[in-house]
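Enquirer: Could you have a look at this structure, given as structure tokens, before my questions?
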Amino acid sequence: MARIIKLILLGAPGAGKGTQAEIISEKYAIPAISTGAIIREAIQNGTEMGLSAKSYIESGALVPDEVVIGIIKDRLAQSDCENGFILDGFPRTVPQAAALDKMGVEITDVISIEVPDERILKRMGGRRVCKKCGATFHTEYKPSPNGDKCPCGAELTIRSDDDPAVVAQRLETYHEMTEPLKDFYAQKGLLKIVEGQEELEDTTALTQKALEG
Ligand code: AMP
């Protein structure tokens, strides 16, 4: 029987975590959990959590630890996580990682997808997201089969936090708050590094190797 995968994907915004999370999710039939997507959905639905998170997201700052820890606690308690999961965008701070430990979650793999900041700044301009179903695309690297529309038929939009000034802020936040997690997981012997490649297939192959090798 295949081993259970409880994977954390680390990496700067735009490094390709979401895309790899989707590919791995399909291959191993385990859910990909994106705190960013959960928060964006809450904002769109106008929930209390969404309203409190909106200003943080829009300025490129992190949503407070207790909010995202609560989101993950609820999500990991759902039955589809029993046979493994992929965390895309959580944890993003050392206290969030410590909270996972405290919950008794036993992570099996941590992969950091590394892409230089300059390349990320260039890439982010092409990102598109479907407002209706949340599917993500890239005009150059992962175009929608339906042109400027999502396969579900809805319009594709640019995330407001993909604005270049906000991206620069998000990168700074990443280096300051999230990069220390590499040491945190290296000390546990879980960290593997994948150099993000120009071609999606190449990054996918390296990520596979990190997971299976
Ligand atoms: P993402 O879609 O992962 O790039 O997340 C978009 C935004 O959601 C981030 O810039 C943060 O404002 C917020 N966010 C997502 N995950 C977290 C997290 N684990 N901790 C704090 N804020 C988060």
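Enquirer: So what is the accessible area of the chain per residue, in Å², with the probe set to 1.4 Å?
Expert: Solvent-accessible surface per residue comes out at 52 Å².
Enquirer: Which value in deg cm²/dmol, rounded to the nearest 500, describes the helix-derived mean residue ellipticity at 222 nm for the chain, given -39,500 (n - 2.57) per DSSP H run of n ≥ 4 and division by the residue count?
Expert: It comes out at -13000 deg cm²/dmol, rounded to the nearest 500.
Enquirer: Also, I was wondering about something else. Can you pull the percent of the stretch 1-106's accessible area that's carbon plus sulfur, 1.4 Å probe, other chains left in place?
Expert: On the stretch 1-106, the fraction of accessible area on carbon and sulfur atoms equals 52 percent.
Enquirer: Evaluate the charge dipole of the chain about its Cα centre and quote only its size in Debye, nearest 20, assuming +1 on the Cβ of each Lys and Arg and -1 on the Cβ of each Asp and Glu.
Expert: 320 debye
Enquirer: Moving to a separate point now. Modelled label-to-label distance, Ser52 and Glu179, 7 Å Cα→beta-carbon offset: nm?
Expert: 3.1 nm
Enquirer: Need one number: % antiparallel among DSSP beta bridges in the stretch 103-213, to the nearest 5.
Expert: 60 percent
Enquirer: At a 1.4 Å probe, what is the % contribution of carbon and sulfur to the accessible area of the stretch 135-213?
Expert: Whole-percent figure for carbon plus sulfur exposure: 53.
Enquirer: In the chain, what % of DSSP beta bridges are antiparallel (nearest 5)?
Expert: 30 percent
Enquirer: Sketch the reach of a paramagnetic label on Gln169 as a point 7 Å from Cα along Cα-to-Cβ, and name the residues of the stretch 122-159 whose backbone nitrogen lies under 18 Å away.
Expert: Residues 124-125, 158-159 qualify, since their backbone N sits under 18 Å from the label point.
Enquirer: In the P(r) worked out for the stretch 54-213, what percent of Cα pairs fall beyond 19 Å?
Expert: I get 64 percent for the Cα pairs in the stretch 54-213 exceeding 19 Å.
Enquirer: Just to verify a number: FRET efficiency for Gln197 and Asp65, C-beta to C-beta distance, R0 = 30 Å, to 0.05?
Expert: 0.40
Enquirer: Report relative contact order for the chain in percent, whole number only (criteria: Cα-Cα under 8 Å, sequence separation at least 6).
Expert: Value for the chain: 29 percent.
The values are calculated or read from the model by the stated rules, or taken from the named source; none is laboratory data. Keep in mind that what you see is a predicted model, and the values were worked out from it rather than measured. As a convention, Cβ positions derive from the backbone with ideal geometry for all residues, glycine included, and neighbour counts pool all protein chains shown. All accessible areas refer to the heavy atoms of the entire protein, side chains included, with ligands and DNA or RNA removed. Shrake-Rupley method; radii C 1.70, N 1.55, O 1.52, S 1.80 Å.
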